[in-house]
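Student: Please see the structure below; I have some questions.
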Amino acid sequence: MIFDFQQTNPLDRYHLMTQTVTPRPIAWILTKNDNTTYNLAPFSFFSVISPDPALLVVSIGNKSDSVQKDTKRNLIREQECVLHIPSLEQIHAVNDSAATLEYGVSELENAALSLTSFAPSLPRLKEAKVAMYCRLFELHNVGDSPFSACYLEILKLHVDDDIIKQEGDRNIINNAQLNPISRLGGSDYAVLGKTLTIKRPN
């Protein structure tokens, strides 16, 4: 079946894209609301860009035509966030944090999650095995769409001691122990199954 995207409406494109560009890693982003509470939300339009500077990109839409998502609003104002890589143990909390709430109502209030000190002005989720303190490097609005490409520079990285070891001059993270979840289409998530190790050719 062929889909002509020039003749396909944006909602249908979204569903087709999210079911074919899979699996997608999840950026679980904590930002500060303007009432001193914290917003927590997952995003799967997410990837790495560059190690120098250490850049990630997260595409964030709007709640409606005229209302930004809380994460985007907070990022623009505060210029910083903590991005977590969620594990299977947090899958229900991740899903619950995707709910649309009034601005200033924290997703942490009803979640079985705790905070611990991390960056000078932001905590991290204690339960997350990987957390990155990031500052907003650039923000590009994508044409006339409600989406913005948010480029985040990693300033500080937390990795649980239990999932990392040093081999020679390289730090190796055990992905099986991290057990990250990823997004598929619809309401589906994926976890790591069988992995393959194939060395790149010279």
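The values are calculated or read from the model by the stated rules, or taken from the named source; none is laboratory data. These figures come from a predicted structure and were not determined experimentally. Using ideal geometry, Cβ is built from the backbone for each residue, glycine included, and neighbour counts are taken over all protein chains shown. Each accessible area value is taken on the protein alone, full model and side chains, heavy atoms only, with ligands, DNA and RNA left out. Shrake-Rupley method; radii C 1.70, N 1.55, O 1.52, S 1.80 Å.
Student: Return the residue satisfying two criteria in turn: it lies in region 1-26 and is assigned to a loop (DSSP other than H, G, I, E, B) and touching a helix residue (DSSP H, G or I) at 6+ places or on another chain (Cβ under 9 Å), and of such residues it is surrounded by the most Cβ atoms within 10 Å (Cβ to Cβ). Give the steps one after another, and end with the answer.
Tutor: Kept after step one, since they are assigned to a loop (DSSP other than H, G, I, E, B), are these residues of region 1-26: 1-4, 8-9, 21-23, 26.
Okay, now just the ones that are also touching a helix residue (DSSP H, G or I) at 6+ places or on another chain (Cβ under 9 Å), so 3, 8, 26.
Numbers: Phe3: 10, Thr8: 13, Ile26: 23.
Step by step, filter region 1-26, then rank; the result is Ile26.
Student: Which members of region 27-36 meet the condition of being of a type outside the set (Lys, Arg) and either over 19 Å from the mean Cα position of the chain (by Cα) or part of a strand (DSSP E or B) (or both)?
Tutor: Those that are of a type outside the set (Lys, Arg) and either over 19 Å from the mean Cα position of the chain (by Cα) or part of a strand (DSSP E or B) (or both): Ala27, Trp28, Ile29, Leu30, Thr31, Asp34, Asn35, Thr36.
Student: Take the residues in region 140-166 that are touching a helix residue (DSSP H, G or I) at 6+ places or on another chain (Cβ under 7 Å) and not hydroxyl-bearing (Ser, Thr, Tyr), then tell me which one is farthest from Asn62 (Cα to Cα).
Tutor: Step by step, filter region 140-166, then rank; the result is Asp162.
Student: Just checking, how many residues over region 69-92 are open to solvent by less than 40 Å² (accessible area, probe 1.4 Å) and either farther than 21 Å from Phe118 by Cβ or hydroxyl-bearing (Ser, Thr, Tyr) (or both)? Explain how you work it out, then say what you get.
Tutor: Of the residues in region 69-92, the ones open to solvent by less than 40 Å² (accessible area, probe 1.4 Å) are 70-72, 74-75, 80-87, 90-91.
If we keep only those that are either farther than 21 Å from Phe118 by Cβ or hydroxyl-bearing (Ser, Thr, Tyr) (or both) too, we end up with 71-72, 87, 91.
Residues meeting the conditions: 4.
Student: Please work out which residue is nearest to Asp96 (Cα to Cα), limiting yourself to region 133-155 and to residues that are open to solvent by 70 Å² or more (accessible area, probe 1.4 Å) and of a type in the set (D, E, K, R).
Tutor: Arg135
Student: On to the next question. Among the residues of region 116-132, write down those that are open to solvent by less than 30 Å² (accessible area, probe 1.4 Å) and either among the acidic types (Asp, Glu) or within 15 Å of the chain's Cα centre (by Cα) (or both).
Tutor: Result: Leu125, Ala128, Val130, Ala131, Met132.
Student: Would you please list the contacts, defined by Cβ atoms under 7 Å and residues six or more apart or on different chains, that run from a residue in region 94-112 that is in contact (Cβ under 8 Å) with a residue 24 or more places away in the chain to a residue that is of a type in the set (Phe, Trp, Tyr) and surrounded by 14 or more Cβ atoms within 10 Å (Cβ to Cβ)?
Tutor: Pairs found: Val94/Trp28; Ser106/Tyr38; Leu108/Tyr38.
Student: How many residues are surrounded by fewer than 15 Cβ atoms within 10 Å (Cβ to Cβ), at pLDDT 95 or above and either over 21 Å from Tyr189 (Cα atoms) or polar (S, T, N, Q) (or both) when one looks only at region 27-68?
Tutor: So the answer is 6.
Student: Contact list please: Cβ distance under 6 Å, first residue in region 132-160 and within 20 Å of Ile173 (Cβ to Cβ) and without any contact (Cβ under 8 Å) to a residue 60 or more places away in the chain, second residue surrounded by fewer than 18 Cβ atoms within 10 Å (Cβ to Cβ) and not charged (D, E, K, R), pairs at least six apart or on different chains.
Tutor: Tyr133/Leu155
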